[in-house]
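One structure is given here, and the rest of the page talks about it.
The values are calculated or read from the model by the stated rules, or taken from the named source; none is laboratory data. Values in this document were obtained by computation on a predicted structure and should not be read as measured data. Glycine gets a Cβ as well: all are built from the backbone with ideal geometry, and neighbour counts include every protein chain shown. Just the protein is used for accessible areas: all its heavy atoms, side chains included, with ligands, DNA and RNA removed. Shrake-Rupley method; radii C 1.70, N 1.55, O 1.52, S 1.80 Å.
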Amino acid sequence: MTSRANMTLRIEVSLPDGTTGFDEYSGFYISPPDQYNFKVDRRINSAGMSRSYLLSDSRGNGDINHQPFSTYDKDGDRSVDNCARNHGGGWWYNDCTYSNLNGQYNTDEFRYFSFQPFRAFKTSTMMLRLSN
């Protein structure tokens with residue numbers, strides 16, 4: 001689906017106290033099966049987020065850009081441990097991660113550092129659309 005056209009990714013997150021935020025990224029793409037690598041070009045819109053821990057970063061050990069999808073039974077991350085097994089769900093891990101929207105609910109494993117590091121989220125949503 002993402003390989004057909006230029007896509008925009010929008011991530012919305014909220015805390016139990018009602019605090020919300022969102023990020024939008026251009027150039028969203030998931031590679032064909034076997035790796036399902038995650039890719040975004042750059043952040044194009046944001047509210048309630050920090051300027052750190054962007055999904056478009058690719059220099060740090062926790063950055064997910066260009067990483068394959070990793071699960072408990074298909075460890076594709078760069079860590080010596082299995083990040084999906086240790087952090088509660090499949091995700092685009094690197095040497096584990098600054099984000100994990102598939103982490104265990106109501107724990108700090110359900111995270112998105114650009115929003116609120118180490119806070120238990122109430123909700124997260126990932127949406128995609130064709131770019132203009």
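What accessible area per residue, rounded to a whole number of Å², is obtained for the chain using a probe radius of 1.4 Å?
55 Å²
What does the charge count near M127 come to, summing +1 for each Lys or Arg and -1 for each Asp or Glu among other residues with Cβ under 10 Å from its Cβ?
Summing Lys and Arg as +1 and Asp and Glu as -1 gives 0.
Using a 1.4 Å probe and counting only protein heavy atoms, arrange M127, M7, M1, M49 so the residue with the most accessible area comes first.
Putting M127, M7, M1, M49 in descending order of accessible area: M1, M127, M49, M7.
What figure in square angstrom, to the nearest 10, would you give for the accessible area of F69 with a 1.4 Å probe?
Answer for F69: close to 60 Å² accessible.
So, with +1 on the Cβ of K and R and -1 on the Cβ of D and E, and no other charges, what is the size of the charge dipole of the range 83-132 about its Cα centre, to the nearest 20 debye?
Once rounded to the nearest 20, the dipole reads 180 debye.
Probe radius 1.4 Å, ligands and nucleic acids ignored: give me the carbon and sulfur share of the accessible area of the chain as a rounded percent.
The C+S portion of the solvent-accessible surface of the chain is 46 percent.
If the only charges are +1 at each Lys and Arg Cβ and -1 at each Asp and Glu Cβ, what is the size of the charge dipole of the chain around the Cα centre, to the nearest 20 debye?
Its charge dipole is roughly 380 debye.
Defining a contact as two alpha carbons under 8 Å apart and six or more residues distant in sequence, what relative contact order in percent does the chain show?
25 percent
Per-residue HN-Hα couplings for the range 86-102, Karplus 6.51 cos²θ - 1.76 cosθ + 1.60 at θ = phi - 60°, whole Hz, x for Gly and Pro?
My calculation for the range 86-102 gives 7, 10, x, x, x, 6, 8, 7, 10, 9, 6, 6, 8, 9, 6, 7, 10 Hz in order.
What ranking do 107-115, 37-45 get when scored by the average of other Cβ atoms within 10 Å per residue, highest first?
107-115, 37-45
222 nm [θ] for the chain, helices only, -39500 (n - 2.57) per DSSP H run of 4+, per residue, to 500?
-500 deg cm²/dmol
Work through the residues other than N65 whose Cβ is under 14 Å from its Cβ and net out their charges, Lys, Arg +1 and Asp, Glu -1.
With Lys, Arg at +1 and Asp, Glu at -1, the neighbours total -1.
Once each part is reduced to its C-alpha centroid, what is the distance from the range 23-44 to the range 92-129 in angstrom?
Centre-to-centre (Cα) distance: 16 Å.
Place a point 7 Å from Cα of Y105 in the direction of its Cβ. Which residues in the range 115-132 have their backbone N less than 16 Å from it?
Within reach of a label on Y105: 120-126.
Name the long-range amide H neighbours of T71: under 5 Å, sequence gap of 5 or more, or other chain; modelled H, no Pro or chain starts.
For T71, whose amide H was placed from the backbone, the distant partners under 5 Å are G76.
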